[in-house]
Structures are given as structure tokens and as C-alpha cells.
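Before any comments, here is the structure.
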Amino acid sequence: PAYIVFADVTLREMCRLLPRDREALREITGVGQVKLERYGDAFSCTIDVDEDLLDYFIPKLMLQTLVENSIQHNAIYERPVEVSLFLTKEVMDNETWLYCCVSDTGKGFSDAVMDAILHDREIYRDGRRHIGLSNLKERLKLIYGNDATFQLSNMADNYGAIVEVRIKLSRIKSPNEP
């Protein structure tokens, strides 16, 4: 679709290679000169991933949806935006969970968007329907039920958005499982 900036395979390659400058970013499959020119100075990206999670099978388009949302809705903001992706394991209630957090230093979520996501309502802005986060929340619910959580919040003073996803690790296949 036209709204996709970076495909999952590109984001996974970013996680593996951790590009530190524009030249290294250009070498990532799926970035190229046009995307580098359009988005290269508009945002910077920090990626912190537990290495043993790199081969787990997470829901398709999850990372892409979260990172794209930060880039698409903030790339034309007055200041450069930093997008951070954090994937780790955490223990809650004696269960090990995949914890995925994507945050940015953009303008944050409006109250209307946060309310729509919380109450499973459609989001319209600028005459367009926005479905990325709503679809991800619904997919997580359909696939994992109560074994996944999805939470939106804003940093203080509307200085960025935070999306947190937790999935019980026992529900996610590793490369060693059939």
C-alpha cells in the first residue's frame, strides 16, 4: 500500500544491523535514496533488541505498524523526531512476556485518538480513516486473547507518544519449535 514507508523485512534488518549514520541507513534493503532524502533528517531511530528475541515469530506487520505510525504522523513536525524501538523479555505474574515499546518525540496522541483506540472506534483525521493501530490492537486480541496487551500513552507535555505491546512469550513460536 501507498502508506508503507518501511516493510517488516527492512525494520528487521535495521534491528540486526543497527545503522549509525545516513550511509549505513542507505545500505539497508528497502531504504534507498528517495526514502533517505525524505525521511533521513526527519527522524532518528534508536533500536534496542534482546538478541535472543530476533528469531521469534512476532505478529506480521506489528513492528512496521508501530514504527510507521511514529514516522508517518511526525515526519513533517517542526523538529526532528526520534523514534525508539525496544524489544525485551519481562516477567509479570510468574510468566515471561515479550515487551515491545515504540516511542517517539513527536506531538503525541490526541485525546480523540487515545479514546477511539481505547473504545475500539474508528479514527478519522484530515478526512481519512486511520486503521493501523486499531487493526494491530484487534489482531493481537484475535490471536492472543488475554495473553496480549496493547497500551497507548503520551509523554509529559505532549512531547511524544508511547505504544506498549506485551505478549506471553509461551504463545510466540521460536525458531526451534515446529
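Under the condition of being touching a strand residue (DSSP E or B) at 6+ places or on another chain (Cβ under 8 Å) and within 17 Å of E164 (Cα to Cα), which residue from region 112-127 is surrounded by the fewest Cβ atoms within 10 Å (Cβ to Cβ)?
L118
Under 7 Å between Cβ atoms, which residue pairs at least 6 apart in sequence (or on different chains) link something in region 100-127 that is farther than 17 Å from Q151 by Cβ with a partner that is of a type outside the set (G, A, S) and open to solvent by 20 Å² or more (accessible area, probe 1.4 Å)?
T105/E82; T105/Y159; G106/H73; G106/Y77; K107/Y77; K107/N158; E122/R129
Which one is least open to solvent (accessible area, probe 1.4 Å), of the residues in region 128-149 that are assigned to a helix (DSSP H, G or I) and of a type in the set (K, R)?
K137
For region 160-172, state whether one or more residues are in contact with a strand residue (DSSP E or B) (Cβ under 9 Å, 6 or more places away or on another chain), part of a helix (DSSP H, G or I) and charged (D, E, K, R).
yes
If the requirement is being under 24 Å from D48 (Cα atoms), open to solvent by 30 Å² or more (accessible area, probe 1.4 Å) and out of contact with any Lys or Arg (no Cβ under 9 Å at 6 or more places or on another chain), which of these qualifies: V83, V91, V102, V67?
V91
Across region 150-169, what is the total count of residues that are open to solvent by less than 50 Å² (accessible area, probe 1.4 Å) and over 16 Å from Y99 (Cα atoms)?
Residues flagged as open to solvent by less than 50 Å² (accessible area, probe 1.4 Å) and over 16 Å from Y99 (Cα atoms) within region 150-169 amount to 3.
Each row is one residue, and each column tells you yes or no for (1) farther than 24 Å from V31 by Cα; (2) of a type in the set (D, E, K, R).
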| residue | (1), (2) |
| --- | --- |
| L53 | no, no |
| Y56 | no, no |
| L61 | no, no |
| E68 | no, yes |
| I71 | no, no |
| S84 | no, no |
| S103 | no, no |
| V113 | yes, no |
| A148 | yes, no |
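The values are calculated or read from the model by the stated rules, or taken from the named source; none is laboratory data. Note that the structure is predicted; figures quoted are calculated from it, not measured. Using ideal geometry, Cβ is built from the backbone for each residue, glycine included, and neighbour counts are taken over all protein chains shown. Accessible surface is based on the protein model in full, side chains and every heavy atom, while ligands, DNA and RNA are left aside. Shrake-Rupley method; radii C 1.70, N 1.55, O 1.52, S 1.80 Å.
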